[in-house]
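Encoded as structure tokens, the structure appears first; notes follow it.
The values are calculated or read from the model by the stated rules, or taken from the named source; none is laboratory data. Predicted model only: the values in this text are computed from it and were never measured. Using ideal geometry, Cβ is built from the backbone for each residue, glycine included, and neighbour counts are taken over all protein chains shown. Ligands, DNA and RNA are excluded from the accessible area calculation, which covers all protein heavy atoms including side chains. Shrake-Rupley method; radii C 1.70, N 1.55, O 1.52, S 1.80 Å.
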Amino acid sequence: MPSLCVVGMQWGDEGKGKLIDCLAAEADVVVRYQGGSNAGHTVVVDGQKTVLHLVPSGILHDGCLCVIGNGVVVDPEGILEEIAGLTARGVTVGDNLLISDRAQVVMPYHKVLDAASEDAKGEAKLGTTLRGIGPCYVDKVSRVGIRMVDLVKPAALEARLRRNVEAANRILQGVYGREPLDPAPMLEQYLAYGDRLRPHVADTITYLHRALADGRKMLFEGAQGALLDIDFGTYPYLTSSNASACGVPAGTGVPPSQINAVLGVVKAYTTRVGEGPFPTEMHGEAGEAMRKAGNEYGATTGRPRRCGWLDAVALRYALAVSGVTGVAITKLDVLDSQPTLRICTRYRHDGQMHQAFPSDLDVLEHCEPQYEEMPGWLSQTSEAEHIAELPAAARAYLDRIGELLGVPIQIVSVGHDRSQTIFATTTGLFR
Ligand code: GDP
Ligand code: IMO
Ligand code: MG
């Protein structure tokens, strides 16, 4: 029962989509386990770019079953658009895409509440993707959410939608002073979405257990990253789901004992979209240059991503929490023109050194990162096909990262295309 979880180790956008697409060539099933259309996973094949938000990144491989697990929040409108876009480009999306009947549905009032809550916070806003993610998970935890099983059952949808719109309107009008929403056209629209999505809705838990029993190779696709995880991230500046590998069992129904290997995806530097502490952030021209070199603009919202140096304090914590068995270093090529590289190994705050990642936002916001410096390689890496073809300084940088993190580097990515991927090991990825 070989399985592998691919999960971001920073604040998202580490290049998970690219790696899932590469690894899906040898997988039978790819499963998303949390998050929603806040994710933007980019896959580039022969120069052609596909950005996936809800559809798992194995969809470009024939014969790969793509599953949206029960832990995901599904925006029916968004996923139908995504399916239409893929189909228009000749990608088959039919019975190779299953959506858990237990997954929660993102409704229009979730998006309106997301925006209203952000506006009301003013300066203290989180910088969400405005995809309704937080409010949808709030409804799930409050036990009033609408699940996919309800979306495809008209009577259940009508009852829940009317009750929830009424409740949302009380908050929209009473708390935020906004216009109420009209449930009637919403119901009509969502009944139609339910009809269109019905063929994909399934008891995915039974499917996944059968696939495991049949010895199928299973990939779990993380969205966001460990530092955005609701329990382990930089609270409250994070998303509303368990984005670390800890989310897999709860978000798929596959038990922890079946998750055999965890590939932590680490960008060779750090980025973050939205608000929140970022100790190694580069400000001014240096940050701008990194953003340009890495083309760091959000795949979902187009917002410029904040850029900074690699942070081994945050990474050691993220790796530990997810039980990472190997790492993939991505976007190494983006550092090609840096004369000197920096890696943060400790934080200093109030005269104290921190080697463990602090929970206190004050410390994260005001600490002084302590850096090690290494020489850059000042040459192109994007055509390397083997680790040995990388410049010596690039290999030294990777070796140092491996040492600091204490796990093997299994993959190095040197460009956005599927082909620009170096496998440092061909064994031990799936276990
Ligand atoms: P994800 O959310 O983790 O899937 O990452 P995104 O797709 O949001 O962002 C990663 C971006 O970097 C995308 O534009 C990818 O095409 C691109 N990318 C991925 N790996 C590499 C790489 O090794 N080098 C370069 N230059 N770009 C990469
Ligand atoms: P992928 O899967 C980067 C960030 C948002 C915001 C915070 C909360 O592409 O790596 P939300 O809409 O989830 O309530 O926003 O989380 N965020 C991401 N940042 N990559 C993502 O996904 C993200 N999904 C959410 O910018 O700071
Ligand atoms: Mg992304």
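Data table
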quantity	calculated
Of all residues making up the stretch 78-104, the number that are open to solvent by 10 Å² or more (accessible area, probe 1.4 Å) and within 16 Å of ligand 2 (Cβ to nearest atom)	3
Those residues of the stretch 45-63 which are touching a residue at least 40 places away in the same chain (Cβ under 8 Å), within 13 Å of ligand 3 (Cβ to nearest atom) and in contact with a helix residue (DSSP H, G or I) (Cβ under 7 Å, 6 or more places away or on another chain), in sequence order	His53, Ser57
Residue in the stretch 23-31 that is part of a loop (DSSP other than H, G, I, E, B), away from ligand 1 (no atom under 16 Å from the Cβ), open to solvent by 10 Å² or more (accessible area, probe 1.4 Å) and more than 28 Å from Ile422 (Cα to Cα) present	no
Pairs where the first residue, in the stretch 141-163, is assigned to a loop (DSSP other than H, G, I, E, B) and the second is open to solvent by 50 Å² or more (accessible area, probe 1.4 Å) and not aromatic (Phe, Trp, Tyr), C-beta under 8 Å, 6+ apart	Val144/Arg160; Val144/Arg163; Ile146/Arg160; Val152/Asp195; Val152/Arg198
Single unsatisfied condition, Asn70 versus (1) open to solvent by less than 10 Å² (accessible area, probe 1.4 Å); (2) assigned to a loop (DSSP other than H, G, I, E, B)	(1)
Search result, residues across the stretch 257-300 that are within 16 Å of ligand 3 (Cβ to nearest atom), more than 27 Å from His366 (Cβ to Cβ) and β-branched (Val, Ile, Thr)	Val265, Thr300
Scope the stretch 1-15; condition within 10 Å of Arg272 (Cα to Cα) and in a strand (DSSP E or B); matching residues	none
Lone unmet requirement of (1) acidic (Asp, Glu); (2) buried (at least 17 other Cβ atoms within 10 Å of the Cβ); (3) within 29 Å of Gly302 (Cβ to Cβ); (4) outside the structural domain of Ser57 (by TED's automatic domain parsing) for Glu221	(4)
Whichever residue in the stretch 209-225 is closer than 23 Å to Gly428 by Cα and within 14 Å of ligand 3 (Cβ to nearest atom) and, among such residues, is farthest from the chain's Cα centre (by Cα)	Glu221
From the options Arg346, Arg400, Arg431, Arg342, residue that is under 23 Å from the mean Cα position of the chain (by Cα) and either farther than 22 Å from Ala289 by Cβ or not in a loop (DSSP other than H, G, I, E, B) (or both)	Arg431
Within the stretch 413-427, tally of residues that are within 23 Å of the chain's Cα centre (by Cα) and closer than 26 Å to Met1 by Cβ	2
Every residue from the stretch 400-420 that is in contact with a strand residue (DSSP E or B) (Cβ under 6 Å, 6 or more places away or on another chain) and either among the aliphatic types (A, V, I, L, M) or assigned by TED's automatic domain parsing to the domain that holds Lys217 (or both)	Val407, Ile409, Ile411, Val412
Some residue of the stretch 267-274 being over 13 Å from the mean Cα position of the chain (by Cα), modelled with pLDDT under 95 and not assigned by TED's automatic domain parsing to the domain that holds Gly40	yes
Cβ-Cβ under 9 Å pairs, at least 6 apart or on other chains, the stretch 366-388 side under 14 Å from Trp309 (Cβ atoms), far side among the hydroxyl-bearing types (Ser, Thr, Tyr) and open to solvent by 30 Å² or more (accessible area, probe 1.4 Å)	Glu373/Thr340; Met374/Thr340; Gly376/Ser337; Gly376/Thr340
The stretch 270-306: number of residues that are crowded, with 19+ Cβ neighbours inside 10 Å and away from ligand 2 (no atom under 13 Å from the Cβ)	5
Within the stretch 192-304, strands (runs of 3 or more DSSP E) holding 1 or more residues that are touching a residue at least 40 places away in the same chain (Cβ under 8 Å), touching a Cys at 6+ places or on another chain (Cβ under 9 Å) and over 24 Å from Gln355 (Cα atoms)	218-221
Positions within the stretch 125-140 being touching a residue at least 60 places away in the same chain (Cβ under 8 Å) and either open to solvent by 40 Å² or more (accessible area, probe 1.4 Å) or more than 23 Å from Val67 (Cβ to Cβ) (or both), in sequence order	Lys125, Leu126, Gly127, Thr128, Leu130, Arg131, Gly134, Val138, Lys140
